[in-house]
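Presented below is the structure to which this report refers.
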Amino acid sequence: MDKALNWGLLSTAKINRALMKPLRASNRTRLLGVASRSQAAAEAYARELSIPRAYGSYEAMLADPEIDVVYNSLPNHLHAEWTIKALRTGKHVLCEKPLALSLAEVDAMTAAARETGKILTEAFMYRHHPQTSKVKEIVESGALGKLQLIKGAFTFTLTREGNYRTVKEMGGGSLWDVGCYPISFARMIVGEEPLEVFGWQAEGPGGTDESFYGEMRFGSGVHAQFDCGFKSHYRTYMELVGTDGVLYIPHPFKPGARTELQLTRGDEAQIIKIKGQELYLGEVEDMCDAILRGRPPRISLAESRGNIAVILKLLESAQTGKKS
Ligand SMILES: NC(=O)c1ccc[n+]([C@@H]2O[C@H](COP(=O)([O-])OP(=O)(O)OC[C@H]3O[C@@H](n4cnc5c(N)ncnc54)[C@H](OP(=O)(O)O)[C@@H]3O)[C@@H](O)[C@H]2O)c1
């Protein structure tokens, strides 16, 4: 039988709550601890969520030899620093998206994972959901013919005042926060890196992009367009348009236990029902498989690097007003 891996939460971030159920559902995982910059906050959080150990600093959790896996849910500008520290203290790391804010950071993280022999992967939860596999299967079956256009979006109204999402130096802005999803989806479907990109941004307070409108042109002839932002009503979708059909995905990034795809071919419109699973379960199981069974994580560090390279090019394009 597999050993149960002890997980530790690096911070008291809001997103941690999404992992509670999956971490408690599996007999391969045990939620052992939570670390915060403040001992009182860690203890209050641990008490509320019945977590056995509370650490008053991130270093204290990394120093606990019984923690096997760290979930890095820190603001984006701290992903690289604390992931590298965790790897170097012998922990495996599931790091929130975006993995990092520069290619130099990704390369340093990749080197640390290689040198320590520990698992590091990015927490793009949607990639592990059965709906995503089904979408890939439909595209690969040829049902859409030759892919021409990919469209997508992820918007919501940001109401968390003072949150790191509005601070440029902390990796704020909608492109890093939610634009990373349609970019990742399009790259996964096409299976290539875009040859060129163009981006336009609406600036919010602190010089971050409050809304972003992006285009990507792929070598195989596929064109992708997306938008993301903090000012529009909650909205997510992806649409894959081919010569022979159109696949519409109403909930590409946060599909639930039951979800649907809409496939149109000629005059025929078909609803494809998919039995899903708890959204964050897949990334936890993927970590366990990688650590305990030696399977490569579904999302490689090279793939994460590709996504970050595209985000950086889009930001550059929005600054210069030129294609990148
Ligand atoms: N995959 C998903 O579905 C999903 C959804 C939402 C967010 N995310 C990702 O998860 C990460 C966290 O997002 P979140 O909204 O959950 O974060 P959040 O609620 O704003 O919390 C971030 C935590 O980081 C710690 N922290 C350390 N230094 C900080 C600083 N200088 N300023 C503010 N906080 C600091 C704080 O914990 P302590 O005070 O306890 O130290 C804070 O609670 C981001 O990378 C985001 O992209 C992913």
Test for Glu278: is it assigned to a helix (DSSP H, G or I), in contact (Cβ under 8 Å) with a residue 40 or more places away in the chain and under 15 Å from Met125 (Cα atoms): no
Subset of region 235-253 that is assigned to a loop (DSSP other than H, G, I, E, B) and open to solvent by 10 Å² or more (accessible area, probe 1.4 Å) - its residue that is nearest to the ligand (Cβ to nearest atom): His251
Gly256 vs. criteria open to solvent by less than 20 Å² (accessible area, probe 1.4 Å) and touching a residue at least 12 places away in the same chain (Cβ under 8 Å): no
Of residues in region 215-234 being small (Gly, Ala, Ser) and under 23 Å from the mean Cα position of the chain (by Cα), the one most open to solvent (accessible area, probe 1.4 Å): Ser232
Cross-chain or 6+ apart pairs with Cβ under 6 Å, region 298-312 first and farther than 14 Å from Val178 by Cα, then part of a loop (DSSP other than H, G, I, E, B): Ile299/Phe124; Ser304/Leu99; Gly306/Glu193
Odd one out for Leu314, checked against (1) open to solvent by less than 30 Å² (accessible area, probe 1.4 Å); (2) assigned by TED's automatic domain parsing to the domain that holds Ile189: (2)
Test: residue in region 114-130 that is part of a strand (DSSP E or B), more than 24 Å from Val178 (Cα to Cα) and of a type outside the set (Asp, Glu): no
Those residues of region 137-168 which are within 22 Å of His77 (Cα to Cα) and of a type in the set (Asp, Glu), in sequence order: Glu161
Restricting region 143-168 to residues that are closer than 18 Å to Glu96 by Cα and near the ligand (Cβ under 10 Å from one of its atoms), the residue that is least open to solvent (accessible area, probe 1.4 Å): Asn163
Residue in region 153-162 that is small (Gly, Ala, Ser) and more than 28 Å from Glu260 (Cβ to Cβ) present: yes
Matching strands (runs of 3 or more DSSP E) fully within region 13-95 where at least 1 residues are within 9 Å of the ligand (Cβ to nearest atom) and open to solvent by less than 30 Å² (accessible area, probe 1.4 Å): 29-35, 69-72
Single condition Cys180 does not satisfy, out of (1) within 10 Å of the ligand (Cβ to nearest atom); (2) more than 21 Å from Lys313 (Cβ to Cβ): (2)
Qualifying positions in region 196-214 - charged (D, E, K, R) and either open to solvent by 60 Å² or more (accessible area, probe 1.4 Å) or outside the structural domain of Thr159 (by TED's automatic domain parsing) (or both): Glu203
Single residue of region 286-311 satisfying the filter (under 17 Å from Glu96 (Cβ atoms) and of a type in the set (Asp, Glu)) that is surrounded by the fewest Cβ atoms within 10 Å (Cβ to Cβ): Glu303
Some residue of region 228-244 being touching a Ser or Thr at 6+ places or on another chain (Cβ under 7 Å) and at pLDDT below 95: no
Whichever residue in region 96-109 is open to solvent by less than 40 Å² (accessible area, probe 1.4 Å) and outside any loop (DSSP other than H, G, I, E, B) and, among such residues, is nearest to the ligand (Cβ to nearest atom): Glu96
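The values are calculated or read from the model by the stated rules, or taken from the named source; none is laboratory data. Everything numeric here is computed off the predicted structure, so don't read it as measured data. Heads up, the Cβs are rebuilt from the backbone with ideal geometry, glycines too, and the neighbour counts pull from every protein chain shown. Just so you know, the surface numbers come from the protein's heavy atoms only, side chains and all, with ligands and any DNA or RNA stripped out. Shrake-Rupley method; radii C 1.70, N 1.55, O 1.52, S 1.80 Å.
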